[in-house]
Amino acid sequence: MGMTMTQKILAAHAGLETVEAGQLIEAELDLVLGNDITSPVAIKEMEKMKVNGVFDKDKIALVPDHFVPNKDIKSAEHCKCVREFARRNEITNYFEVGEMGIEHALLPEKGLTVAGDVIIGADSHTCTYGALGAFSTGVGSTDMAAGMATGKAWFKVPSAIRFVLTGKPSKWVSGKDVILHIIGMIGVDGALYKSLEFTGDGIANLSMDDRFTIANMAIEAGAKNGIFPVDELAEAYMKEHSSRTYTKYAADEDAVYDAEYTIDLSALKSTVAFPHLPENTHTLDEIDDIAIDQVVIGSCTNGRLDDLRTAAEVLKGRHVAKGMRCIIIPATQRIYMEAMEEGLLKIFIEAGAIVSTPTCGPCLGGYMGILAEGEKCVSTTNRNFVGRMGHVDSEIYLASPAVAAASAVTGKISGPNDL
């Protein structure tokens, strides 16, 4: 019986010739990630273990990004805990304000994640790095603590669902629309503890930013991870950003999948996930007038340069609707700088939007865009659960940067073709 791409990576890191779905293994880790919310819990657990330092100071990444710059005393104390731990253990990859970014955009940019890696992170969207052909998945803070101490983690080998992507997306249709379409199709638990494995000639028509977005939201279908094949575009990205060697894995021809779907990218339309689940999807042509109060463009899902370019293309020469709040958050300092040098920030500000320092901020109801009772927001983030961005009686509509930007202009859920 053949193995999937994910199973091959896990087998190699467990020192086994083969693995099969459901098997329990212990695998060597290439990177352990934590942020300012999850790391303090892991650090306290690690202290209980009474271990002498971390397994490898070069293979741990600590990225304060959720409430950073600190929004209050509690968040300041959390960051202080992480900062002092990083100093004590001489953690190489600790990123403070001024050089930090949203973790899942920052680590690939810094070259810390490459094909063939096994990566765990105490954040559910760690699955982002599957865009580069890595096995990456979110874990709890206790598992993070054990990973930092030993460099190993236990996994149950996942079975897989295969998505064959064909065709080329039309103008304004992006990776966000692809993954929202998939989640709407299979549901938020449709891939529970499974690997989403993407293949097909349509992948060549997806940018790396599209792929990061799709892999990022694999967890929103309940998946253990999402993973893409390592093609020329992925290799070019890794060679530009990293000096690390990488390993390309490919699924066996006789690999077993629980299900297989073919998606024609050219047939997809701009898609919006209505409250209060990412599976509650509607295409733009199905949506009547829904007035909104706020737009957020950013997050680990859609705060990359392609996303900002798309938003700027829509907003250029236009203005945000009267009474509308439009918040744009570049995902890293480098993206912020590139957007500034390209003139994108000028377009945003002239359009009446504001631009924030990199932060997760409003995505988790942290700060920089909390919703009041009854307010509605179109957001490029990844979750729209009850109370996710503020008041339990507020509403979040998940969409692509193109739809978010157009909605900011009209004051209601809209696409660029409506302008």
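The values are calculated or read from the model by the stated rules, or taken from the named source; none is laboratory data. The structure displayed is predicted, hence computed values, not measured ones. A quick note on method: Cβ atoms are made from the backbone with ideal geometry, for glycine too, and the neighbour counts reach across all protein chains shown. Surface areas here come from the heavy atoms of the whole protein model, side chains and all, with no ligands, DNA or RNA. Shrake-Rupley method; radii C 1.70, N 1.55, O 1.52, S 1.80 Å.
Scanning segment 353-402 for residues that are charged (D, E, K, R) and within 17 Å of the chain's Cα centre (by Cα) yields R383, R388.
For segment 336-365, the set of residues classified as buried (at least 21 other Cβ atoms within 10 Å of the Cβ) and closer than 20 Å to V68 by Cβ consists of Y336, A339, P358, T359, C360, G361, P362, C363, listed by residue number.
A86 meets each of the listed conditions (1) of a type in the set (G, A, S); (2) surrounded by fewer than 21 Cβ atoms within 10 Å (Cβ to Cβ); (3) free of Cβ contacts under 8 Å to residues at least 60 places away in the same chain; (4) touching a Phe, Trp or Tyr at 6+ places or on another chain (Cβ under 9 Å) apart from (2). Of the strands (runs of 3 or more DSSP E) lying entirely inside segment 266-318, those containing at least 2 residues that are modelled with pLDDT of 95 or more and open to solvent by less than 10 Å² (accessible area, probe 1.4 Å) are 271-273, 294-297. Here P416 fulfils each of the conditions (1) of a type outside the set (A, V, I, L, M, F, W, C); (2) farther than 21 Å from D210 by Cβ; (3) open to solvent by less than 50 Å² (accessible area, probe 1.4 Å) apart from (2). Summed over segment 345-374, the residues that are at positive phi and touching a Ser or Thr at 6+ places or on another chain (Cβ under 6 Å) give a count of 1. Every test in (1) touching a helix residue (DSSP H, G or I) at 6+ places or on another chain (Cβ under 7 Å); (2) modelled with pLDDT of 95 or more is passed by H181 save one, and that test is (1).
Contact annotation: residue pairs with Cβ atoms under 9 Å, 6 or more positions apart or on different chains, pairing a residue in segment 9-26 that is on the phi > 0 side of the Ramachandran plot with a partner that is modelled with pLDDT of 95 or more and assigned to a loop (DSSP other than H, G, I, E, B), are G22/V157; G22/P158. Considering each residue of segment 255-265 in turn, none proves to be in a strand (DSSP E or B), within 21 Å of the chain's Cα centre (by Cα) and modelled with pLDDT of 95 or more. Does any residue of segment 240-262 turn out to be touching a helix residue (DSSP H, G or I) at 6+ places or on another chain (Cβ under 7 Å), closer than 30 Å to V114 by Cα and open to solvent by less than 10 Å² (accessible area, probe 1.4 Å)? No, the conditions are met nowhere in segment 240-262. For V173, the criteria (1) part of a loop (DSSP other than H, G, I, E, B); (2) open to solvent by less than 40 Å² (accessible area, probe 1.4 Å); (3) free of Cβ contacts under 8 Å to residues at least 60 places away in the same chain hold in every case but one, which is (3). In the set A149, A153, A105, only one residue is assigned to a strand (DSSP E or B) and in contact (Cβ under 8 Å) with a residue 24 or more places away in the chain; that residue is A153.
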